[in-house]
Every structure is written in C-alpha cells, then in structure tokens.
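The values are calculated or read from the model by the stated rules, or taken from the named source; none is laboratory data. No experiment lies behind these values; they were computed from the predicted model shown. Here the Cβ positions follow ideal geometry from the backbone for every residue, glycine too, while neighbour counts run over all protein chains shown. To get the accessible areas, we keep the full protein, side chains included, count just its heavy atoms, and leave off ligands, DNA and RNA. Shrake-Rupley method; radii C 1.70, N 1.55, O 1.52, S 1.80 Å.
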Amino acid sequence: MGHDISRRGFIAGAGSVIGAVAGQHALAGPATAAPTAPIPDGARVPVLIVGSGYGGSVAALRLAQAGVDVHLVEMGMAWDTPGSDGKIFCNTREPDYRSYWLRTRTKAPLNYFLGFPIDRDIPRHTGVLDAEEFAGITVYQGRGVGGGSLVNGGMAVTPRRENFPAILPSVNAGEMYDVYYPRANAGLGVGTIDPAWFEGTDCYQYARVGRKHAQRSGFPFVFVPDVYDWDYMEQEAAGTVTKSALAGEILYGNNHGKKSLQKTYLARAKATGRVAVSPLHRVTTVAPASGGGYRVVIEQLDTTGAVTATKSVTADRVFFAAGSVGTSKLLVKLKATGALPNLNGEIGKGWGDNGNVMCGRANHLWDPTGSLQSAIPCCGIDNWAAGGAFAEVAPLPTGIETFASFYLSITNNPNRAQFTWNAAAGKAELSWQTAWKQPSIDMAKSIFDKINSKEGTIYRTDLFGVYKVWGDHLTYHPLGGAVLNKATDNYGRLTAYPGLYVIDGALIPGNTSVNPFVTITALAERNIEKIIATDL
Ligand code: FAE
C-alpha cells in the first residue's frame with residue numbers, strides 16, 4: 001500500500017485485515033473437547049493448587065520433584081485440542097469463539113481504529129482472554145492451563161537491580177539476583193533476538209522506527225528478552241514454517257513459537273507423573289476440614305460457562321495461585337463470609353496496575369512502521385530513573401501500513417487499590433478509579449511529549465475511542481491483593497491457617513518497574529524452595 005493512500009481506501013483496508021467490522025461472522029462454534037479425567041468428588045489430596053499460571057506451575061513442578069503428589073485445578077480450558085480450522089488458538093485479526101472468556105462481544109484492548117469501533121460479536125465460550133471489568137478498570141488475564149502465559153507477549157524482563165528494593169522490600173536482593181532470577185529465566189526458556197537479524201527484517205521495522213525516535217530524543221533504548229523461540233521466528237520470516245508471531249497470534253493465544261508454560265514448567269511437571277490437572281474447574285471455597293486439612297469446593301464448568309457439577313474435596317495443603325485478581329477475590333470472600341475468618345486485615349490490600357497506560361503516535365509518511373509486524377515485542381525505552389516510565393515498543397499487527405507507533409508504558413504510578421467483599425451483590429469489588437491513571441499518563445508523557453516535539457509528530461487520537469489519546473482504562477499486569485510479608489509471612493504462608501499459601505502475582509505490592517512474570521516466577525521459586533525445606 002503506497003503513501004498516497006486515500007482515507008477511504010485506508011479504512012476499507014483496515015476493515016478487511018483487522019477483520020472486525022460489523023456484519024462479519026465469527027467461526028460458528030467449538031469442536032468437542034477431548035475427554036479429561038478431572039478430580040473426583042470426595043477426593044483427598046496432599047496438595048491442591050488453585051490456578052495454573054506462573055505461580056501455580058512453579059509450585060507444581062517443585063513439589064512434584066520433591067516427591068509430593070499435586071492436583072492443579074484450573075477454571076479455564078486445557079487448550080490442547082485444535083478447532084475445525086486445525087488451530088488451537090485464533091489470531092488477533094479474526095477473533096472467534098476461542099478469543100474471550102464468556103463474552104458475546106469482543107473487548108479488544110485497542111478497540112477503535114481510525115475512530116471506528118472494531119469489536120465484533122462472538123459466541124459465548126470459555127475463551128482464553130478474560131477482560132474482567134471492575135468499576136474503574138478492565139483487567140486482562142489469561143484463562144486456561146498456563147494462565148497468563150497463553151495470552152501474553154512473552155516479554156521476560158528482570159528488573160534493574162537498583163529498583164528491586166522498591167519492588168519487594170522484604171526480600172533479599174542478593175539471593176534473588178544470584179539464584180532465583182537465573183533459575184526463573186532458565187525454567188521459562190528466556191532468550192534474546194539476534195541483533196543482526198533485527199536490523200534487517202521487515203517484521204521489526206516498527207521497532208527500528210521506535211528506536212530511532214527514542215535515541216534522537218536522548219532516551220536509553222533497550223532490547224528486551226522474550227520466551228518466544230527466536231529461531232522459529234526467523235524461519236517464519238524466511239517462509240519455511242507456519243507463521244505465528246508473523247500472523248498476528250498473540251492476545252488470543254499463539255499456536256507455534258511462544259514457549260508458554262505448557263511447553264516449559266507444566267511439561268516438566270507433568271513428566272514427573274505426580275501432577276494431575278483439572279481444567280474447567282473453578283475453586284469457590286476453602287475452609288478448614290473437621291478431620292484436618294482443608295475442604296475445597298470446586299465447580300466444574302462446561303464451555304458455555306454453565307456449572308455442570310459441584311465437588312467437595314479435601315487437601316492437606318492449598319496453594320492460592322489464581323493470579324492477583326483471582327487469589328484476592330477468593331481470599332476477601334473467604335475472610336468476609338466466615339470460611340477463613342482469621343485471615344489478617346491486609347487481605348485485599350496493596351493492589352496496583354503496574355502503572356500500565358497505552359498510547360500511539362502518528363508518524364510522518366516517510367517513517368512507515370511496516371505492514372508486516374511481529375506480534376512479539378522485542379524492545380523498550382527505559383526512562384524509569386528520570387521519568388518513572390518504561391515503554392515497550394509494541395506492535396500494531398493489522399496487516400497494513402498504519403504509520404503508527406504504538407506503546408505500552410509501565411509507569412511508577414503510586415496509587416494502590418483494595419478488594420472488598422460486597423455481601424449484598426455477592427461479589428468482590430475493586431476500589432481503583434480511572435482518574436488514578438493520571439500519574440501514569442504524566443510519566444508516559446515524559447517520553448512521548450519529548451519525542452513528538454523532536455519529531456514534529458502528534459499522538460494518535462483514534463485508537464481508544466473518538467478523539468481519545470490515552471489507553472487509561474485497562475491493565476495487563478494486575479499485582480498485589482495478598483502482599484508478601486503483610487497478608488502473608490515473608491514466604492507466602494497465610495499464617496493463621498497452617499498449610500495455606502499464596503504463590504502468585506498477588507504477593508507483589510502493585511509494581512515491578514518492568515513486565516512482571518519473571519519476577520512472579522522468581523519469587524515463586526524462592527518461596528517454594530523454603531516451603532519444601534521447612535513445611536513438608
Ligand atoms: P495467572 O498467570 O493469571 O494465572 C492464574 C490462573 O488461575 C489463570 O489461569 C486463571 O484462569 C486461574 N484461576 C483464577 N481463578 C480461579 C479459580 N477460582 N479456580 C481455578 N482457577 C482459577 O497468574 N507479563 C510479562 O512479564 N511480559 C509480557 O509480555 C506480558 N504481556 C501480557 C499481555 C497480556 C495481554 C496479558 C493479559 C498479560 C501480560 N503479562 C505480561 C502479564 C502476565 O501474563 C501476568 O503477570 C502473569 O500471567 C501472572 O501470573 P500469575 O501466576 O500471578
């Protein structure tokens with residue numbers, strides 16, 4: 001598509017490639033899921049883990065290696081069976097029933113293009129991405145065996161060591177950087193892009209433009225490691241393997257190159273023979289059992305989200321690994337409803353959004369960002385020390401030239417929210433307010449106002465609504481709600497209830513200064529090592 005493109009042609013192109021204009025039909029319906037052998041009603045297990053994201057997968061692997069039988073209970077699907085198109089996951093251009101968790105319409109993070117809404121109707125299904133709406137914020141999360149690793153960008157960033165004391169003040173930084181961050185990076189399969197290939201490939205034109213603009217304004221530009229298989233991506237670009245990152249596969253799952261937890265920690269955990277997994281099973285209650293241990297109530301779901309069975313099992317130990325939101329919601333409910341009344345007063349507190357805010361910039365016509373964009377980000381602009389912002393140069397994989405630069409910034413937003421149980425409504429609520437994003441916007445502007453002024457460019461106003469610059473309504477990085485050394489002891493134990501633990505992003509008090517999953521994984525490695533050594 002040339003630079004002399006008319007606005008009319010541009011819109012038509014966007015409609016067909018984003019595949020999201022009104023009137024288009026999503027794939028008709030799901031294929032029948034493969035049978036699984038889920039946890040039976042009345043079972044007694046040594047360890048039950050609630051949720052199969054980073055925290056849950058680390059706990060499962062290390063406990064199994066220590067000789068403990070583990071049952072992993074996951075509310076989302078197994079994601080191991082292809083649909084009628086031969087693919088397990090759909091891509092961002094053609095979201096279908098597999099895309100969203102129990103919605104009848106997509107809720108794309110970037111939900112407008114050229115000022116037009118791009119969301120579309122889909123069949124209600126237990127899809128892989130949940131856009132969970134609270135009063136002041138939409139929190140995106142992965143649903144399925146592998147948790148957030150199924151939907152995320154795979155950016156695997158270890159925070160700068162000088163920032164660590166502010167991230168987890170009660171944790172020994174020396175141990176983390178000498179032992180647990182390296183262990184996490186190895187377990188996750190983290191790698192970096194070949195710099196020579198980066199310089200020449202079409203699919204990172206957008207990142208090179210991002211680098212040029214950052215450097216011309218004097219900002220440090222950094223390559224960011226990722227769990228994507230970089231050799232596979234090079235083969236995608238060469239046309240020798242099925243395209244995945246280069247076919248817009250990210251937000252609704254990735255069919256090939258990304259090393260999700262299913263390919264790393266969970267594969268190793270299953271190989272021990274000691275780990276059983278129950279997908280489409282949602283934990284609703286945990287309470288002390290009369291004969292010792294804990295009684296766990298679990299709802300089995302079908303793919304429409306309907307409850308098909310309610311089971312009661314007993315576990316000697318329970319690990320909460322349902323993610324920051326899932327674990328916090330469960331714990332505030334269990335405390336308030338009397339199932340676990342002695343949980344301490346810190347439960348639900350200290351929740352943050354990792355300062356996430358999005359924006360786009362409109363480039364000049366001589367700065368195209370490329371019609372082919374790898375869906376996997378590989379670089380960022382580090383202005384944390386000076387301006388409180390780390391901005392990832394993000395793809396906009398529409399399949400057409402947009403002349404847009406798109407960024408997800410992680411900022412040092414000081415606001416923290418709290419989960420509380422609303423007994424009348426029967427649900428957990430979060431006190432976050434949209435206006436609390438203002439510090440994030442100001443910090444992101446420390447980068448992009450300067451770049452715009454240097455380049456003579458402006459912000460895009462057509463990506464998040466009609467004339468709206470900032471994507472300030474969402475987060476991809478929920479953190480906190482059961483903060484380490486406050487709601488739990490310094491290793492995640494819920495001390496009022498021996499045998500109950502938190503081991504996921506809920507432990508981290510709201511911000512990691514970079515993308516969070518390496519820190520979540522490293523902290524889980526640290527805590528489970530201590531728990532195995534002293535509690536089992
Ligand atoms: P998580 O991975 O969310 O796993 C929790 C699991 O528990 C989920 O599978 C739930 O379905 C399940 N669950 C919840 N409640 C229940 C229940 N009651 N019963 C049974 N199961 C339940 O938790 N981070 C990065 O570091 N780099 C990135 O590039 C990046 N990109 C992202 C892009 C997107 C679109 C999103 C949504 C997130 C991204 N993240 C990224 C964030 C990252 O995925 C997230 O911090 C981790 O997945 C959180 O890990 P947890 O173990 O805390």
For this session: Examine the stretch 432-448 for a residue that is modelled with pLDDT under 95, of a type in the set (S, T, N, Q) and over 22 Å from the mean Cα position of the chain (by Cα), and state whether such a residue exists.
Result: no
For this session: Check the stretch 266-276 and report whether any residue there is open to solvent by less than 20 Å² (accessible area, probe 1.4 Å), among the small types (G, A, S), within 15 Å of the ligand (Cβ to nearest atom) and part of a strand (DSSP E or B).
Result: no
Seminar exercise, completed: Of A37, A33, A60, the only residue that is at pLDDT below 90 and either under 30 Å from I528 (Cβ atoms) or not in a loop (DSSP other than H, G, I, E, B) (or both) is A37
Problem set entry | Complete set of residues in the stretch 51-79 that are more than 10 Å from the ligand (Cβ to nearest atom) and out of contact with any Pro (no Cβ under 9 Å at 6 or more places or on another chain) | A60, L61, R62, A64, Q65, A66, G67
Problem set entry | Sole residue being in contact (Cβ under 8 Å) with a residue 40 or more places away in the chain and of a type in the set (V, I, T), chosen from V209, V241, V307, V297 | V209
Problem set entry | Matching residues, the stretch 478-518, being near the ligand (Cβ under 8 Å from one of its atoms), of a type outside the set (F, W, Y) and not in a loop (DSSP other than H, G, I, E, B) | L479, G505, A506, V518
Seminar exercise, completed: Conditions (1) more than 10 Å from the ligand (Cβ to nearest atom); (2) within 24 Å of the chain's Cα centre (by Cα); (3) surrounded by fewer than 18 Cβ atoms within 10 Å (Cβ to Cβ) -> T284 fails only (1)
For this session: Go through the residues of the stretch 344-364 one by one and say whether even a single one is assigned to a helix (DSSP H, G or I) and either open to solvent by 10 Å² or more (accessible area, probe 1.4 Å) or more than 22 Å from T285 (Cα to Cα) (or both).
Result: no
Problem set entry | Number of positions in the stretch 92-102 that are surrounded by fewer than 22 Cβ atoms within 10 Å (Cβ to Cβ) and either touching a Ser or Thr at 6+ places or on another chain (Cβ under 6 Å) or not hydrophobic (A, V, I, L, M, F, W, C) (or both) | 3
Problem set entry | Count of residues meeting criterion [away from the ligand (no atom under 16 Å from the Cβ) and more than 30 Å from W384 (Cβ to Cβ)] in the stretch 204-250 | 14
Exercise. In the stretch 436-451, is there at least one residue being within 14 Å of the ligand (Cβ to nearest atom) and either of a type in the set (A, V, I, L, M) or open to solvent by less than 30 Å² (accessible area, probe 1.4 Å) (or both)?
Worked result: no
Exercise. Looking at the stretch 251-265, which of its residues are within 16 Å of S374 (Cα to Cα), of a type in the set (K, R) and open to solvent by 60 Å² or more (accessible area, probe 1.4 Å)?
Worked result: K259
For this session: Quickly run through the stretch 111-121 and pick out the residues that are away from the ligand (no atom under 16 Å from the Cβ), out of contact with any helix residue (DSSP H, G or I) (no Cβ under 8 Å at 6 or more places or on another chain) and open to solvent by 30 Å² or more (accessible area, probe 1.4 Å).
Result: Y112, P117, D121
Seminar exercise, completed: When restricted to G465, G492, G499, G505, the only residue crowded, with 17+ Cβ neighbours inside 10 Å and touching a Phe, Trp or Tyr at 6+ places or on another chain (Cβ under 6 Å) is G492
Problem set entry | Scan of the stretch 306-325 for residues that are outside any strand (DSSP E or B) and open to solvent by 20 Å² or more (accessible area, probe 1.4 Å), ordered by number | A306, A322, G323
For this session: Mind listing whichever residues of the stretch 122-164 are assigned to a helix (DSSP H, G or I) and either open to solvent by 10 Å² or more (accessible area, probe 1.4 Å) or under 30 Å from G174 (Cβ atoms) (or both)?
Result: G147, G148, S149, R161, E162, N163, F164
For this session: Look at T475 and say whether it is within 10 Å of the ligand (Cβ to nearest atom), open to solvent by less than 10 Å² (accessible area, probe 1.4 Å), touching a strand residue (DSSP E or B) at 6+ places or on another chain (Cβ under 9 Å) and within 17 Å of Y177 (Cα to Cα).
Result: no
